[in-house]
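Read the structure below first, then the notes.
The values are calculated or read from the model by the stated rules, or taken from the named source; none is laboratory data. Keep in mind that this is a model prediction, so the values were computed, not measured. Quick reminder, even Gly has a Cβ in these numbers, built from the backbone with ideal geometry, and neighbours come from all protein chains shown.
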Amino acid sequence: MPLQFVSLIESCWFFGAVACAFFNFVSFHLPTTSVHIVALIAVDRCMALSDPFFYFKKITVNLIIIIATLDWVFSLVYCFTLLYCTGFFTRALTLCPYTCLIAVVDEIWSWVDFVLVFALPCSIMFVLYLIIFAIARRHANAIRAANSQVNPNARQNDNVPKRSERKAAKVLGILVSVFLLCIVPYYIANLIPGRINAEIFELVLNITSALFYLNSLFNPIIYALFYPWFRKCMKIILSCQICSPSSSVMHVM
């Protein structure tokens, strides 16, 4: 983020050609990994809710570490291939002083990047979160039905799960909306490089890239606004209480 804002504010690059190449590579690699990890979290949550017995038997910590590592390796290989095939590393070696070229992807690779980093993961997330929400509603309805059979007079408690459902739906809707608002402009800009002035395109790409990265900042803020337990967890982490031996038994709910 700091280097992105420097390139957005300043007309010169003060960090050299190696830093420029590294900055562009990381700018592709980290967002790619982030989006894929979010999609994998959706897969994990859907499996845990739809088949909990299979999930707790088969999905181990070691398996999760292996899958996360494979995602990082895939992202590294993919981003290096993308930048190499579009000639970025070759151009980066012939940079003029105080210049850092933006890694402009050609039209074919723009569509490949759009599908692999945006369309496919987002489609998976959208479908899985709909399934998760449907399962959660089914569970809530089953709990309400069981409670009404045990205690037919306790009708006033029915509103508690409904409020929880509305809150979960609201937070999920806000998260998905912010995610799309932050990421969609970047991919729209990336698909129109030859259709607008080069200087305007560079400015638009810088702004939309910064917005892309800001999505990672917005998510914890949204959670903190709606969930007190999340605020408490963040306080524990930022105050380094997480390092204490008793952190695993702290009450945050």
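Figures for the structure shown
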item: The range 113-143: number of residues that are within 20 Å of Ser177 (Cβ to Cβ) and among the small types (Gly, Ala, Ser); result: 4
item: The listed residue being loosely packed, with under 15 Cβ neighbours inside 10 Å and of a type in the set (Ser, Thr, Tyr), out of Ser177, Ser209; result: Ser177
item: Tyr129 being farther than 19 Å from Ala42 by Cβ, part of a helix (DSSP H, G or I) and either within 27 Å of the chain's Cα centre (by Cα) or at pLDDT below 70 (or both); result: no
item: Residue within the range 18-25 that is polar (S, T, N, Q) and closer than 19 Å to Val112 by Cα present; result: yes
item: Residues being within 8 Å of the chain's Cα centre (by Cα) and closer than 17 Å to Leu211 by Cβ - total across the range 25-40; result: 4
item: All positions within the range 177-218 that are at pLDDT below 75 and in contact with a Phe, Trp or Tyr (Cβ under 8 Å, 6 or more places away or on another chain); result: Ile192, Pro193
item: Residue in the range 27-36 that is small (Gly, Ala, Ser), surrounded by 13 or more Cβ atoms within 10 Å (Cβ to Cβ) and farther than 30 Å from Ala134 by Cβ present; result: yes
item: Cβ pairs under 6 Å, 6+ apart, first in the range 46-75 and without any contact (Cβ under 8 Å) to a residue 40 or more places away in the chain and under 21 Å from His139 (Cβ atoms), second of a type in the set (Phe, Trp, Tyr) and assigned to a helix (DSSP H, G or I); result: Met47/Tyr55; Ala48/Tyr55
